Structure formats: structure tokens, C-alpha cells
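Heads up, the thing below is written out as C-alpha cells.
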Amino acid sequence: MSTQRREKGSNIARVLEIIEAISKAEHPLSAADLSVLLNIPKPSVHRLLQQLESEGFLQTNMRGLLVPADRLHDIALGIIYSSRFKAQRQAILQHLAEKIGETCGLAIPSGTDMIYYDRAQTNWPLQIHLPVGIHTPICCTASGKLYLSSLSKERRQRILGSIPMKQYTRNTKTDPARLENELLYIQKTDIGTDDEEFIDGMVAISVPVKDSQGRLIACLFCHAPVIRKNLDELMHFIPELRAAAVEVGNLAEEED
């Protein structure tokens, strides 16, 4: 094998190691962090990171640290959605949607948004159309607020400080102090709620999907038009959502 081929193979492995490290990190990493963590010379790390950023796989945040960019999020979403457990996951969601009589789905965090990556709809003529792959705001949706509540206060404030507190509806909370109080309450109950805060006429609830170590890996949600169910009526189905979240979490563990 030529030296050129060996170097090419080594670079591919390094790129994958960098992506793996950034994807698994609990907080954004710097180029220096990656150099130490992966034992890659700094010049090589900088060169590879420049390539990954230029191709849209990675980006730097406001503090100059590395986070996944759109192309990497798209890959992760594709892997999750097309996994060998897709049929079982869909069966869990469909069964839950039939029990509740409303659309149920799964959302994952993506920077300052949440991504809907799977769902099961009911057969009502009146539907709220939020397709798989759509990005929704993190600060006024049931799943977004649930995810925020799982973070440390410092990290939560960094995220909220980097996004505009947009008034989506008359009920959207744009006061950071008021939102923080709600997030502390959600932290205690493990239930995210959206009382017409993202879309007028829509309410939603969400519970966490956790791994074996108790970490939130996704949010299981249900949303409904208020003409059919109000928020209190949706809350009656929390036990069903929690049971389904455990099933989905078990599937995720098997995928690993």
C-alpha cells in the first residue's frame, strides 16, 4: 500500500473520530480539545475541521466552539428514521395515537430547535400538519421546553440568550424569568406543555425518552387542536405517554 493511500485512510478515520467526538460531547469542543482527546496533531485537526466546516458538517457557535451543522443533523436524522427498529417504533406511536385519538410523535434537539423525526397521525379530518423533519422553536413547544428543563441552568441560559424570544401567539412567554420559572416546574414533573404557545388553536404535551443512564435522548409528544381536546384533557393521557416512552427508550438501547 502506498504512503498516499495510508494517509488517505488515516484522514478518513480521523474525520470520523472527530465527528463521533463532537456528536457525543456533552458540551461544545474546541480544536485544542479535539487534538488532546483524539491524539491528533493540531495542524491536522485544524485542516480537517476547516474541510468539515466548508462542507457543512460542522460549524462554530458564538463562542468559537464546534457543534454539528445541518448536514450532520440530516445524517443523524436519516439514521434514526431508517433504522431497523423503524417498524416497531411506528407501531408504538400508532398504538399510542389510537389510544389518545390525536397525533403522537418523537422530537430530538438540534441546536436551538427541535426536529420532528417520527410521528403517527389519527384519521380526523382536521389535522395540524407538522411533517417529519420540520424544525420547531425550542422555547415555546412542549418538547423544546422539556429538553431545556433537562439542561443545567447555565447551559439553558446560554441557549436562550442566543435566540430571539419571538411572540408566536398571544400565549408565548417572551419574558426569560417567567419562562425559567416554568422550566423549573417542568424539571420537577418531567412533563412539557404547550398551551397554544407555538400555534394558535393547538395544545401539546411531552414526556422524555431516556437511556439506561437516565439521560434524555428524545421527547415523546402528543398535540391536538383545542376544538377537540384542551390541555387538561391531554394531560389525562400522561401515563400512556410515559409507558410508550419506556418502550421507545428500550428500542433505542437495542439499536446501540
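Consider the stretch 21-46 and keep the residues that are in a helix (DSSP H, G or I) and closer than 19 Å to Arg71 by Cα. The one that is modelled with the highest pLDDT is Ala21.
Count of the stretch 198-215 residues, restricted to those that are in contact with a Ser or Thr (Cβ under 9 Å, 6 or more places away or on another chain) and over 20 Å from Phe237 (Cα atoms), is 4. Taking strands (runs of 3 or more DSSP E) as the structural unit, those lying wholly within the stretch 144-256 and holding at least 3 residues that are at pLDDT below 95 and either surrounded by fewer than 21 Cβ atoms within 10 Å (Cβ to Cβ) or over 19 Å from the mean Cα position of the chain (by Cα) (or both) correspond to 216-225.
The values are calculated or read from the model by the stated rules, or taken from the named source; none is laboratory data. Bear in mind the structure is a predicted one, so any value in this text is a computation, not a measurement. Positions of Cβ are backbone-derived with ideal geometry, glycine not excepted, and every protein chain shown enters the neighbour counts.
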